[in-house]
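I have placed the structure first, in the form of structure tokens, so that the comments after it can refer back to it.
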Amino acid sequence: GKVGGVIRIEALKGNARVDGTLIADGANDYAGGLDDPAYLTDYSRCGAGGSIYLRVYRLQGRGALFARGGSATGYRGTGGGGGRIAVWTRVNSEWNGTPPVGVTSATNVMGGIGNNPASWGETGTVYWATFGDPGTLIQIR
């Protein structure tokens, strides 16, 4: 299915304000039902959630960030996996939106719903961090 795509915003010298909604959701899909002749071979093709990457001096606003997996309808539907939201700021954020600062897993990156719980997409991830001064080395192991 069609994935959610990428939203990338970098504003390293000023503040970034999001009062609206940034959406990188995967596409929903329909799989044939029992009355559909293709139901034995037709599976849904839900898209995985995309990614939102913000690297800004300071994040402000009351907006919302979403990277959810697509949901399926029909007899053989499986949900797409949730996406990724990564927010890097230089100084403490003044973010009052959703997901809240520090939350690492939320409905904002939930996997899509399938025709039964075993076929639901997995939840994605949310990552919050601050970055150092220019020239700072960050080592991740």
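The values are calculated or read from the model by the stated rules, or taken from the named source; none is laboratory data. From a predicted model like this one, the values you see are computed outputs, not experimental measurements. Note that we place each Cβ from the backbone using ideal geometry, even for glycine, and neighbour counts take in every protein chain shown. Heavy atoms of the whole protein, side chains included, go into the accessibility calculation; ligands, DNA and RNA do not. Shrake-Rupley method; radii C 1.70, N 1.55, O 1.52, S 1.80 Å.
Assuming R0 = 25 Å, can you tell me the calculated FRET efficiency for the pair Val101 and Arg141, based on Cβ-Cβ distance, to the nearest 0.05? Present the calculation step by step, with values, prior to reporting the outcome.
Working: r = 25 Å, r/R0 = 0.99.
Here the calculated transfer efficiency is 0.50.
What list of ³J(HN,Hα) values in whole Hz, one per residue of the stretch 66-71 in order, does the Karplus curve 6.51 cos²θ - 1.76 cosθ + 1.60 (θ = phi - 60°) give from phi, with Gly and Pro shown as x?
Result, ordered by residue: 9, 9, 8, x, x, 9 Hz.
Given a 1.4 Å probe and heavy atoms of the protein chains only, how would you sort Trp120, Trp88, largest accessible area at the top?
Trp120, Trp88
Heavy atoms only, 1.4 Å probe, whole protein assembly: order Lys2, Lys13 by accessible area, highest first. All intermediate terms of the calculation are to be shown ahead of the outcome.
Details: Lys2 155, Lys13 200 Å².
From most exposed to least exposed: Lys13, Lys2.
Using only the alpha carbons of the stretch 44-95, what is the convex hull's orientation-averaged projected area in square nanometres?
Numbers: hull surface 15.7 nm².
Approximately 3.9 nm², given one-decimal rounding.
Distance from a point 7 Å along Cα→Cβ of Ile9 to each backbone N in the stretch 74-104: keep the residues under 20 Å and list them by number.
83-104
How large is the accessible surface of Arg90 in square angstrom, using a 1.4 angstrom probe and rounding to the nearest 10?
Around 80 Å² of this residue is reachable by solvent.
Using the heavy atoms of the protein chains alone and a 1.4 angstrom probe, what is the accessible area of the stretch 41-103 per residue in square angstrom?
41
Quick one: accessible surface of Glu10, probe radius 1.4 Å, all protein chains present, in square angstrom to the nearest 10.
Per-residue accessible area (Glu10): approximately 90 Å².
What does the charge count near Gly82 come to, summing +1 for each Lys or Arg and -1 for each Asp or Glu among other residues with Cβ under 15 Å from its Cβ?
0
What does the charge count near Lys2 come to, summing +1 for each Lys or Arg and -1 for each Asp or Glu among other residues with Cβ under 15 Å from its Cβ?
Numbers: positive: Arg45, Arg68; negative: Asp25, Asp29.
Local net charge: 0.
With a 1.4 Å probe and all protein chains kept in place, how much accessible area does Ile9 have, in Å² rounded to the nearest 10?
60
At 0.36 nm per residue, and after removing the present C-alpha to C-alpha distance, how many nm does the segment from Asp19 to Thr73 gain when stretched out fully?
16.3 nm
Each residue of the stretch 72-80 in order: what ³J(HN,Hα) in whole Hz does its phi give by Karplus 6.51 cos²θ - 1.76 cosθ + 1.60, θ = phi - 60°, with x for Gly and Pro?
Once θ is set to phi - 60°, the couplings for the stretch 72-80 become 10, 10, x, 5, 10, x, 10, x, x Hz.
Within the accessible area of the chain, what % is carbon and sulfur when the probe is 1.4 Å and the other protein chains stay in place?
Details: 4170 of 8000 Å².
Carbon and sulfur: 52 percent of the exposed surface of the chain.
Between Arg58 and Ala129, what is the spin-label point distance in nm, taking each point 7 Å from the Cα along the Cα→C-beta axis?
About 2.3 nm separates the two model spin labels.
Once the convex hull of the alpha carbons of the chain is built, what does its volume come to per residue, in cubic angstrom?
114
Would you mind getting me the FRET efficiency between Tyr30 and Ala118? Use the beta-carbon distance for r and R0 = 22 Å, nearest 0.05.
That gives a FRET efficiency of 0.70.
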